[in-house]
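The values are calculated or read from the model by the stated rules, or taken from the named source; none is laboratory data. If you're wondering where the values come from, they're calculated on a predicted model, not measured in any experiment. Cβ placement follows ideal geometry from the backbone for every residue including glycine, while neighbour counts extend to all protein chains displayed. For accessibility, only protein heavy atoms count, side chains too; no ligands or nucleic acids. Shrake-Rupley method; radii C 1.70, N 1.55, O 1.52, S 1.80 Å.
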Amino acid sequence: MAETEAALRALAHNVRAARTRAGLSLDELSRRAQVSKGALVALEKAQGNPNFATLVRLADTLGVSVSALLEGRAEGRVRVVSEDALAPLWNGPRGSEARLMLTTSGPAPVEVWRWSLEPGEEYPSHPHQAGVVETVSVTSGRMTLIVDGTEHPVEAGETATFDGDTAHTYRGSGTGTCRLIMTVHLPPGPGPAA
């Protein structure tokens, strides 16, 4: 329980700090991110429980990474993150999941995600801000990447890359679980919230 409360406090601080840096009122952030003002007020008071899509919309609107909204202060020069240390940010009804492992620092951060997709299960993603580039590297199984309505099969050992500023969907294909590493390359911006 204490970990959850600490995570909510870090999220509240990071959203408020990023909104202030961007010079946005709650009303303007609500309008741009398409998140209700009430949800934003609760979130900034560490009382909200935003879903994955809401976090992505807020991060995109504020020009920061999703993990910049979630992380506390950095500790040390090297950070090692265990897959089990982070709760999934998305769970599909058939057992698929997505975990944001970490985000690199610097002027153009990179998010590193670990996904598992069950056969036939999919995650539709809204378009990201201009300049976002995604890569998916399938480590086992098979997936279908759908970009602008066109399907692209990606199998174990293959990597695909695309501009993330258009609608895209990740779908598990084949007969077994698809496991993949995704990187989201963010355009240079104000950087992660401290």
Self-check item: Residue among E151, E44, E97 with the largest mean-square fluctuation in a Gaussian network model of the chain, springs linking Cα atoms under 10 Å
Solution: E151
Quiz item: FRET efficiency for R94 and A22, Cβ-Cβ distance as r, R0 = 35 Å, nearest 0.05?
Solution: 0.40
Quiz item: Any idea how far apart A87 and H152 come out in nm if each label point goes 7 Å out from Cα toward Cβ?
Solution: 3.3
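Quick check: residue separation of A53 and F162 times 0.36 nm, minus the Cα distance between them. What number comes out in nm? Let's see the in-between values first.
Details: separation 109, 0.36 × 109 = 39.24 nm, distance 1.97 nm.
Working it through step by step, the gained length comes to 37.3 nm.
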Quiz prompt | Efficiency of FRET from Cβ geometry, S137 and K45, R₀ 41 Å, rounded to 0.05 | solution = 0.60
Quiz prompt | Accessible surface of the chain, 1.4 Å probe, proportion on carbon and sulfur as whole % | solution = 51
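How much accessible area per residue does the chain have, in Å², with a 1.4 Å probe? Write out the running numbers ahead of the final one.
Working: 9990 Å² over 194 residues.
Per residue, the chain has an accessible area of 52 Å².
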